[in-house]
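We did not get these values from a lab; they are worked out from the coordinates using the rules stated. A quick note: this is a predicted structure, and the numbers were derived from the prediction, not measured. Here the Cβ positions follow ideal geometry from the backbone for every residue, glycine too, while neighbour counts run over all protein chains shown.
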């Protein structure tokens, strides 16, 4: 492992966060604060508690997960797409840096940035609602696994996309709707039985449910199933990234 190369790419990607501080950090925190104000005031006044947890506190894990998913995707996809767009990716591919080191550096930087945003949002949530974290180790585990998994997914999108429009297509049209329909703002047990079964086809349900369990010890889906689905998605993303570098898909042309 060429740690000097990994560190160099990692530092370069992290430095971009400082140059785009408003977009990378401030914007998602303000957006999440608005969710707290709007949902907490408008809906929280009508739904006082869900499973013994105040509605304002109930939506905190979902909001953190929403930001984590979108930030991981956008950071990783743009991080690898921009070198392809400018042509500097060929310099990287010709350098004495392995494919593993490229993935580790780009995905590591994207995951780090999304974890920073998640931590800031968690701290911000404490100003709006009383929080408790019953299983902090599992909370960190879900945060790290989700950040890495969706950073890998974003890396795949960045390789696949051949325009800035395609770069935004999957996050806007697929990931964001799935997150809103994945129990971020409600318990799936509140749905009719048929729609509960349909909702279980949404992979985001397992992420949100497991993450919420780490806070309040309550989940829509068994936490073991949530962990299994998270590892499964991680394995699928790793397999796709491996295939991309093995075949040179959209990298050598």
* Please give the contour-minus-distance gain from residue 31 to residue 176: 0.36 nm per residue of separation, less the Cα-Cα distance, rounded to one decimal in nm. => 50.8 nm
* Relative contact order of the stretch 182-253, defined on C-alpha pairs under 8 angstrom at six or more residues apart (%) -> 24 percent
* To do: Along Cα→Cβ, 7 Å out, is where each label goes; now give me the distance between the ones at residue 225 and residue 165 in nm to one decimal.
  => 4.0 nm
* Inter-site label distance for residue 235 and residue 98 at 7 Å from Cα along Cβ, in nm -> 2.2 nm
* Asked: So how far apart, in nm, are the two label points at residue 195 and residue 144 if each is 7 Å from Cα heading toward Cβ?
  -> 3.7 nm
* To do: Set the Förster radius R0 to 45 Å, insert the Cβ-Cβ distance between residue 131 and residue 245 as r into 1/(1 + (r/R0)^6), and round the FRET efficiency to 0.05.
  => 0.65
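If you average the sequence gap of Cα pairs under 8 Å that are 6 or more apart and divide by the length of the chain, what percent do you get for the contact order?
Relative contact order, the chain: 26 percent.
Seen from all sides and averaged, what is the projected area of the convex hull of the Cα atoms in the stretch 140-188, in nm²?
4.0 nm²
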* To do: Only Cα pairs under 8 Å and at least 6 apart count here; give the relative contact order of the stretch 107-249 as a rounded whole percent.
  => 31 percent
* Asked: Using a Gaussian network for the chain with springs between C-alpha atoms less than 10 Å apart, which of these wobbles most: 174, 120, 159?
  -> 174
* **Kirkwood-based shape ratio for the stretch 118-253, expressed as Rg/Rh from alpha carbons** => 1.02
